[in-house]
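Working notes, structure below.
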Amino acid sequence: MNEVHTDPIWVQLAYLVAAVLFIIALKSMSSPRTARSGVLIGATGALLATVVLFFSGIELLNLGLILGFLAVGSIIGWVAARRVKMTAMPQLVALFNGVGGGAAALIAVVEYFEVGSSDLLLLIFTVATVIVGSIAFSGSIVTFLKLQELMTTRPVIIPLGKWVTILVAVGTVAAGIGLVVQPQDWLLVLLLVLSLIFGVLFVLPVGGADVPIVISLLNALTGLAVAASGYVLDNVLLLIAGTLVGASGTLLTNLMAKAMGRPLTSTLFGAFSGTTAGSTSAGSDRPVRSASPNDVAIMLGFASKVILVPGYGLAVAQAQSTLRELADLLTEKGIEVDYAIHPVAGRMPGHMNVLLAEANVPYEQLKEMDEINPEFSSTDVVLVVGANDVVNPAARTDKSAPIYGMPILNVDQAQQVVFLKRSMRPGFAGIENEILYDPKTTLLFGDAKDSLTKVVAALKTV
Amino acid sequence: MDGVALLTIFILSIFVGFEVVSKVSTVLHTPLMSGANAIHGVVVMGAIIVAGKATNALELSIALVAVLLGAINLVGGFVVTDRMLEMFKPKKPTGKEGGAA
């Protein structure tokens, strides 16, 4: 807006086409049948817009450097996305989102030098982009560290955290206002630092189970930052694309929170309340019943109906195909086998479906929670592989548990429950699971793949 | 473009954004979030614009980092979303018969 350049009509029309492609892409990705084509449509829109930009006649100094950095960034993104294991995909998405927010913040920093104090509204949006982009950046980095388990997945409560957070929030707003009133470079640096700290403080108190919701929220925030940068740069496409993501991301965050039965407010404002529930790890030295792979094979072999509950532990052990082998073997023996998929099994809603599809598990054997829950009471054996929180009855009964209210798979209604676990360590949410101590529960300790292989071998001789 | 026109576009985009994802099934939450994440990668255009008019070394360095980050977001976002959705396509016959003997 501070420059005389206006895009030619054909460029503006091309941006319009790109915007429509983005809308169609989002729409397509909302339905399983068309989802894949949605990616192609969205990528086409992005490619079109970027190519058009180079020929739009805008001033492009440093063209060689720009193309170089563009190529390097594209290669990094491509390689990271191709190489990542499907189990680690949620944190990669968090990271991609973070760098997007970082890019928006940096754009605004550069623009700040250009804008000067001439246009008040422009200055306000520039400052807003810096704040929101920085929060999305540092917040995403923390979620990455949590998911990658480079830091604890439990809520981190710092002493006086509530007051520190409020102080930083107030400081950020004050620095922002200061910048608008009296633009000064040191204030800009202060604003950057405070916004980054706020992003960290915002995500630290969030417990493991709520991390997906936070990623989705930060994704929406980056969208808003991009929209604001679109205003600053007078680029309508950035405004539209950013707003689309901001709006759809906000709704998606809400839908996810609902699927997990988590009140959104307690997730988001944990940083301010300072009351995010801790752990209720009482009596972890109580006796449990453990068994050998042979015992488990016999239990399964003489059942008439078996439900498999796969969890993140299965994916970590890369045991999806071994589980499928077990399922095939049981089916051959005339035993009814189903997979019970909790909406948030894995680390994100829908993550487990992706992981099992990768192991060629037929789609029709995957039963969603509402469909499978009435079946547990008529099931002989439930085999829980590397899942914990999604079958924890504390979600129904214990009001103090961080997962209270989350819909769970009712495995406790089955005749027998077998857990394949590495250890007695609690799940991602960091809370004890009462079913483990139930008399009808049997535990088989060990790496999921290892255990499953032994069970399969034993089952062949039964 | 004048402020009111931009505001109009902004408000209408909010409604479209809400509308397009309102009927998504739980299974697609993750890929959809990832797809939306890729779309805001067009922020790389903004980075290119500011890098294109940067006149001193500091501005240029910051803008080029933004180009790098934006490109990672855009390309990585679409590729990883595609990998997720690849899993949902109907299986070829070979996948199903591989039962253990």
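Results for (1) under 23 Å from the mean Cα position of the chain (by Cα); (2) among the basic types (Lys, Arg); (3) farther than 16 Å from residue A:314 by Cβ, shown as yes or no for each residue.
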| residue | (1), (2), (3) |
| --- | --- |
| A:352 | yes, no, no |
| A:360 | no, no, no |
| A:376 | no, no, yes |
| A:379 | no, no, yes |
| A:393 | no, no, yes |
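Among the residues that make up region A:128-135, is at least one of them farther than 18 Å from residue A:201 by Cβ and either among the aromatic types (Phe, Trp, Tyr) or more than 10 Å from every other protein chain (Cβ to nearest Cβ) (or both)? Scanning region A:128-135, I find at least one residue that is farther than 18 Å from residue A:201 by Cβ and either among the aromatic types (Phe, Trp, Tyr) or more than 10 Å from every other protein chain (Cβ to nearest Cβ) (or both), so the answer is yes.
Taken residue by residue, region A:113-123 has at least one member that is of a type in the set (Ser, Thr, Tyr) and over 20 Å from residue B:72 (Cβ atoms). Being buried (at least 19 other Cβ atoms within 10 Å of the Cβ) and either without any contact (Cβ under 8 Å) to a residue 40 or more places away in the chain or touching a Pro at 6+ places or on another chain (Cβ under 9 Å) (or both) is the requirement here; does residue B:71 meet it? Taking the combined requirement at face value, the residue satisfies it. Candidates are the residues of region A:334-345 that are in a loop (DSSP other than H, G, I, E, B) and in contact (Cβ under 8 Å) with a residue 40 or more places away in the chain; the one that is farthest from residue A:215 (Cα to Cα) is A:342. Return the total of residues in region A:23-36 being more than 8 Å from chain B (Cβ to nearest Cβ) and in contact with a helix residue (DSSP H, G or I) (Cβ under 7 Å, 6 or more places away or on another chain). So the answer is 3. Quick check: anything in region A:317-338 among the hydrophobic types (A, V, I, L, M, F, W, C) and touching a His at 6+ places or on another chain (Cβ under 8 Å)? Within region A:317-338, not a single residue is among the hydrophobic types (A, V, I, L, M, F, W, C) and touching a His at 6+ places or on another chain (Cβ under 8 Å). Restricting A:165, A:152 to those that are of a type in the set (Ser, Thr, Tyr), closer than 27 Å to residue A:264 by Cβ and assigned to a helix (DSSP H, G or I) reduces the list to A:165. Hey, any hits in region A:38-58 for a residue that's of a type in the set (Val, Ile, Thr), touching a residue at least 12 places away in the same chain (Cβ under 8 Å) and in contact with an Asp or Glu (Cβ under 7 Å, 6 or more places away or on another chain)? Yes, there is a match, as at least one residue in region A:38-58 is of a type in the set (Val, Ile, Thr), touching a residue at least 12 places away in the same chain (Cβ under 8 Å) and in contact with an Asp or Glu (Cβ under 7 Å, 6 or more places away or on another chain). With respect to residue A:213, determine if the residue is of a type in the set (Val, Ile, Thr), in a helix (DSSP H, G or I), in the same structural domain as residue A:264 (by TED's automatic domain parsing) and within 25 Å of residue A:390 (Cα to Cα). Yes: the conditions hold for residue A:213.
Within region A:201-220, no residue that is under 21 Å from residue A:169 (Cα atoms) sits with its Cβ atom under 9 Å from a residue that is acidic (Asp, Glu) and modelled with pLDDT of 85 or more at 6+ positions apart or across chains.
Under the condition of being modelled with pLDDT under 95 and within 8 Å of chain B (Cβ to nearest Cβ), which residue from region A:213-228 is nearest to residue A:13 (Cα to Cα)? Out of the qualifying residues, it is A:216. Kindly establish whether residue A:113 is within 18 Å of residue A:238 (Cβ to Cβ), among the aromatic types (Phe, Trp, Tyr) and in a helix (DSSP H, G or I). So residue A:113 does not fit the description; no.
Just to be sure, is residue B:46 of a type outside the set (A, V, I, L, M, F, W, C), within 17 Å of residue A:104 (Cβ to Cβ) and at the interface with chain A (Cβ under 7 Å from one of its Cβ atoms)? Against the criterion (of a type outside the set (A, V, I, L, M, F, W, C), within 17 Å of residue A:104 (Cβ to Cβ) and at the interface with chain A (Cβ under 7 Å from one of its Cβ atoms)), residue B:46 qualifies. Quick one: would you say residue A:350 is surrounded by 24 or more Cβ atoms within 10 Å (Cβ to Cβ) and more than 14 Å from every other protein chain (Cβ to nearest Cβ)? Against the criterion (surrounded by 24 or more Cβ atoms within 10 Å (Cβ to Cβ) and more than 14 Å from every other protein chain (Cβ to nearest Cβ)), residue A:350 does not qualify. Going by what's in this entry, would residue B:60 be described as at pLDDT below 90, within 7 Å of chain A (Cβ to nearest Cβ) and not in a loop (DSSP other than H, G, I, E, B)? The answer is no for residue B:60.
Here residue A:180 passes the criteria (1) closer than 28 Å to residue A:350 by Cβ; (2) of a type in the set (A, V, I, L, M, F, W, C); (3) surrounded by fewer than 24 Cβ atoms within 10 Å (Cβ to Cβ) except the one numbered (1). If the condition is being buried (at least 24 other Cβ atoms within 10 Å of the Cβ) and either farther than 15 Å from residue A:133 by Cβ or without any contact (Cβ under 8 Å) to a residue 60 or more places away in the chain (or both), then region A:221-234 contributes A:223, A:227, A:230. If you go through region A:363-399 and keep only what is assigned to a loop (DSSP other than H, G, I, E, B), of a type outside the set (Val, Ile, Thr), buried (at least 19 other Cβ atoms within 10 Å of the Cβ) and in contact with a strand residue (DSSP E or B) (Cβ under 9 Å, 6 or more places away or on another chain), you end up with A:386, A:387, A:388.
Considering only residues in region B:1-21 that are exposed (fewer than 15 other Cβ atoms within 10 Å of the Cβ) and of a type in the set (Gly, Ala, Ser), the one that is nearest to the other protein chains (Cβ to nearest Cβ) turns out to be B:3.
Taking the criterion of being surrounded by fewer than 16 Cβ atoms within 10 Å (Cβ to Cβ) and at pLDDT below 70, the only residue of region A:242-262 that qualifies is A:261. Residue A:272 passes every criterion in (1) in contact with a Ser or Thr (Cβ under 7 Å, 6 or more places away or on another chain); (2) buried (at least 21 other Cβ atoms within 10 Å of the Cβ); (3) modelled with pLDDT under 90 apart from (2).
Residues are listed down the side, and each one gets a yes or a no for (1) part of a loop (DSSP other than H, G, I, E, B); (2) more than 7 Å from chain B (Cβ to nearest Cβ); (3) surrounded by 16 or more Cβ atoms within 10 Å (Cβ to Cβ); (4) in contact with a Cys (Cβ under 7 Å, 6 or more places away or on another chain):
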{"site": "A:21", "(1), (2), (3), (4)": "no, yes, yes, no"}
{"site": "A:38", "(1), (2), (3), (4)": "no, no, yes, no"}
{"site": "A:42", "(1), (2), (3), (4)": "no, no, yes, no"}
{"site": "A:57", "(1), (2), (3), (4)": "yes, yes, no, no"}
{"site": "A:61", "(1), (2), (3), (4)": "yes, no, no, no"}
{"site": "A:69", "(1), (2), (3), (4)": "no, no, yes, no"}
{"site": "A:76", "(1), (2), (3), (4)": "no, no, yes, no"}
{"site": "A:96", "(1), (2), (3), (4)": "no, no, yes, no"}
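Remark: residue A:137 falls outside the filter, which requires a residue to be within 26 Å of residue B:49 (Cβ to Cβ) and free of Cβ contacts under 8 Å to residues at least 24 places away in the same chain. Pairs meeting the criteria (first residue in region B:1-12 and at pLDDT below 90, second residue assigned to a helix (DSSP H, G or I), beta carbons under 8 Å, at least 6 apart or on different chains) are B:1/A:236; B:3/A:121.
The values are calculated or read from the model by the stated rules, or taken from the named source; none is laboratory data. Quick caveat, the model's predicted, so the values are computed rather than measured. Cβ atoms come from the backbone with ideal geometry, glycine included; neighbour counts cover every protein chain shown.
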